[in-house]
């Protein structure tokens, strides 16, 4: 698995990812419905994050054939103290371990290279597949989190064990 920065040529992938019904149900409807919307999302999302924070969502590609399969990365959200790991996969590539591999690499990068005090993950409380991904990435379930702007029960996972939480 390779993680690389998004480019505008990735708009078809981003469109497919953000219009996937599972993404909309488990994350949100980002208002991306056309290739132009996807390009705008890349500009104001990942590209802006790279420029401002040096991190963001990256394109996930298979090493053996450069096939894009999803996105994964580290996100610094305004109003939240911690950097979180986020990911989504095209349906064809789910269940093959790619999300876990990429999420684990992002968590380790955040902790070792960026020397973040911790990396967290936020998921819908009923998203069992994402819970497995975060656990395989080395994060620990810490309980419910009041995610700003969301009415859906959200679980917090952290690189620190739950007993170390305040």
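Read-outs throughout are calculated quantities, based only on the coordinates presented, and are distinct from any laboratory measurement. Computed from a prediction, not measured in an experiment: that's the story for all the values here. With ideal geometry, Cβ positions are generated from the backbone for all residues, glycine too; neighbour counts draw on all protein chains shown.
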Of the candidate values (i) 1.18; (ii) 1.13; (iii) 0.98, the one computed for Cα Rg over 2.2 N^0.38 Å from this structure is (iii)
In nm, the gap between the two label points placed 7 Å beyond Cα toward Cβ at residue 53 and residue 30 is 1.3
Mean projected area, convex hull of alpha-carbon positions in region 1-84, reported to one decimal in nm², is 5.7
Rounded to the nearest 500, the 222 nm mean residue ellipticity computed for the chain from DSSP H runs (n ≥ 4, each -39500 (n - 2.57)) alone is -8000 deg cm²/dmol
Per the rule of 0.36 nm per residue minus the C-alpha distance, extending residue 112 to residue 5 adds in nm 36.6 nm
When 64, 101 are ranked with the fewest other C-beta atoms within 10 Å first, the list becomes 64, 101
